[in-house]
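The values are calculated or read from the model by the stated rules, or taken from the named source; none is laboratory data. Nothing here was measured: the structure is a model prediction, and the numbers come from that model. Here Cβ is always computed from backbone atoms with ideal geometry, including for glycine, and neighbour counts include all displayed protein chains. Just so you know, the surface numbers come from the protein's heavy atoms only, side chains and all, with ligands and any DNA or RNA stripped out. Shrake-Rupley method; radii C 1.70, N 1.55, O 1.52, S 1.80 Å.
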Amino acid sequence: KNSVLVMLMFYYNFISGNTGTSLFENWVRASYNIILAAPIISVGIFDRDVEAKDAIEHPELYDTGRRGMDLNTMKLVETLLSSMVHSVVMMVMMALALPHFTEDGVGDYYTFGTAIFVWLVITMNYRVAFLTTTWNILVITGLAISFGLLLLFLGIYCFVQWGIQSFSPWMYFVPAKMVMVPVFWIGCFVAPALATVIDIFKAYLLLEFAPDLRDLILERSAADQKPQEADRLNRFGSYATFQEFSHSQPPSPVFLEAQRRAGRSSTHPPVAWSSFVWDHPDRRSRTFGDICSMTRDPTAGDTSLMDRSRSFPTGELGPLSPAADSRRGGRKRTEASSSSSSGDAESGGAAGSAVQPKENRPSANRLSQQTLPSKQFVLTWRVTLGLTIGLGVCFFVLGAIFHLTPNVPNVQFQYDGASQATPEGFKVLESSDCSISEVGGTTKCRFEVMLEDSLVPPVRVDYLISPFFQNHAMYLQSYSWRELQGHLHSTNDCAETVLDDGLHLFPCGLQSRSLFNDTFVFRDAATQKILELTKDDVAWKTDVARMSNPKGYPTPREGLTWLYEAFPSIISRDLGVKTEAFAAWSRPAFGPMTQKTYGRLEEALEAGQRLVIEVENSFPITDMQAHKRLIFSPAGTFYHRTKGFGHFMCVAGGICFILAAIVLIVRCSCARQPGQARRRCVAVVSGLDSDVDSVPTSSSEASDSSGHDH
């Protein structure tokens, strides 16, 4: 989860002017590990690789921890490669979804970044679910807590007008705007679905061609297969346990004496001093043959010794229970009993009556013993095939929906800057030079163009500047929210306040100083009638409502320049900071291109109609090597950019069907039997290599004539 987060922020650095801008707002990013903590903790505590009975029957499973088989360099590389694939997929989704958010007026840094954050949390919770083997109510509760914390955080942080300076005011009402974009909900499904396809297919290949002991035991347990005692390790003979014990130290005198007493030859495999069978009785060697045959001592699992030691703080041991004494071969402790009795008699029994049993025995409830009702997930070829085909169908359906959406005509008109390649689906009416001749000046241009397609009202008119990094780290922080709220004597949060004439701009900051101030007039060429253009609803009403002019505005103040004085063509003297064009500009764009709504034409534009566009160019871009365009499109419609998302969905669906075909080919041509290893098992015993080509069916087949275990 941390790798995917960091990689996404790394990719974002390349489209934010290489300034290290975080992909997510600071407090949103800070909540990441808190939101995702609950499912990780619940899985870490309650997940089990195998059932308890299987762990007891197969103590060799504990070798994974001793040998670091779950945490090593290869596992680290595998996880990083997986996270890189997930991050690339999310980056592609991010690039394809941004135009949709921009078209709906919510392509700003805060809203789109929060949408990606939600997709990331959903995908990471899926990842936790994918890595979970044993499912119980607490694992499910952990996932529910994670989603609940996400909703709680967004609800508190984004729907309360905080007066804390470190909380971003631009996060206000972000979730409400975010959920109104259809592509957001599509991303909530597509992001984890693509992660599922990637993970499930990789896991299937590993399970099919390189299963480990845990996988085989899970498959046996799911199929309710009961291996015989003699052939248990022969079936799993490829496990590294055999190699480890073949290189043990030469037998010691103690071992030889134990072998002599047991009637075994000195050539028997050496003692396996292992951490496997933790409940094996003390003072008795555990031999390699014991591990292969899984012979358990009669006293294994007896806890009466611990029970008695807990009840006697002085270290004395009470008497064994009859059952325990019988299991231990009827061993007598007469001397200890008589000594204890004589000691009690001398003290008058006072000490014995004063001793209180200690209540330290673990609780026997289901939670403590991890015996809650649960279900273990076992991956099979049927699950893999069903998921790949099902998700492939879903992707194709989504792609078809995008492709069947009517291709609404849109046109671009570049009026300043170097010629740029036109995105597919746009029609460039004319590209002309309308550059500003001198810094601080204004250039007036007039163009007459003919429309090739009809545009139904209301026709949305956007302006686009590319590149223009409103997501630059310095630009994002260069504003004063207190001044935007009308506080004259605020603690200046931004130093960029001085204009060329030496006066301080109010409100301060780069976001105010860089206000886009080109203006446009649209006429019908035939009648010279000015087309009605409305500039309402181009900004969030919640942003406009929270902004205020200071007391005494617009009375001139010494040393200050009001916003309407610096940008008279854009800012209304009466409205000041509440002008919607300023509020829309103040919400920074997510990407390197800044696209904002200029207004809406309330009249239809017919095919063949000649349109006159009058431009007053006052926004300088020469030093930035950028260009400026006007974009005409029917408001509230999916236009050509839906095709890119549709292509992506169709490609994803095709890949799913290809993966499903591979699963079928593997199943039909070289399927592995559940519970059995694919590769040949080689057991090294007493320095001799023995190929295990077939599975023995009886204990007589499991031993050779010399008595050595295979």
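Taking a 1.4 Å probe, which of Asp104, Asp623, Asp63 shows the most accessible area, and what order do the others take after it?
On the way: Asp104 70, Asp623 150, Asp63 0 Å².
The residues order as Asp623, Asp104, Asp63, largest area first.
Working with all protein chains in place, sort Glu565, Glu438, Glu103, Glu580 by solvent-accessible area computed with a 1.4 Å probe, largest first. Don't jump to the answer; show the numbers that get you there.
Working: Glu565 80, Glu438 120, Glu103 10, Glu580 35 Å².
The residues order as Glu438, Glu565, Glu580, Glu103, largest area first.
So with the 1.4 Å probe, I'd like the accessible area per residue for the range 47-94, rounded to whole Å².
Details: 2690 Å² over 48 residues.
Per residue, the range 47-94 has an accessible area of 56 Å².
More than 16 angstrom separation, counting every C-alpha pair in the range 127-212; what % is that?
On the way: 2588 of 3655 pairs.
Tail fraction, whole percent: 71.
Arranged from highest to lowest average of other beta-carbon atoms within 10 Å per residue, in what order do the peptides 160-169, 461-470 appear? Display every interim value, and only then the final one.
Details: 160-169: 12.8, 461-470: 20.5.
Result, highest mean first: 461-470, 160-169.
For the range 536-595 and the range 459-480, compute the distance between their C-alpha centroids and round to whole Å.
Centre-to-centre (Cα) distance: 15 Å.
For the range 449-606, which whole percent of the accessible surface, found with a 1.4 angstrom probe, sits on carbon and sulfur atoms?
Details: 3680 of 6850 Å².
That fraction is 54 percent.
Starting from the residue with the highest accessible area, list Glu78, Glu452 in decreasing order, probe 1.4 Å.
Numbers: Glu78 65, Glu452 125 Å².
So, going from the largest accessible area down, we get Glu452, Glu78.
Could you pull out the pairs from Lys1/Lys596; Lys529/Lys628; Lys202/Lys375 whose alpha carbons sit more than 27 Å apart here?
On the way: Lys1/Lys596 34 Å; Lys529/Lys628 25 Å; Lys202/Lys375 23 Å.
Beyond 27 Å: Lys1/Lys596.
For a paramagnetic label modelled at 7 Å from the Cα of Thr442 toward its Cβ, which residues of the range 617-632 fall within the zone defined by backbone nitrogen distances under 11 Å?
Label zone hits: 617-619.
Could you work out how much longer the chain between Cys668 and Ala223 gets when fully extended? Use 0.36 nm per residue separation minus the Cα distance between them, nm to one decimal. Mind showing how you got there, number by number?
Values: separation 445, 0.36 × 445 = 160.20 nm, distance 2.02 nm.
Residue separation times 0.36 nm, minus the Cα-Cα distance, leaves 158.2 nm.
Using the heavy atoms of the protein chains alone and a 1.4 angstrom probe, what is the accessible area of the range 536-665 per residue in square angstrom? Could you put the intermediate results ahead of the total?
Numbers: 5290 Å² over 130 residues.
Value for the range 536-665: 41 Å² per residue.
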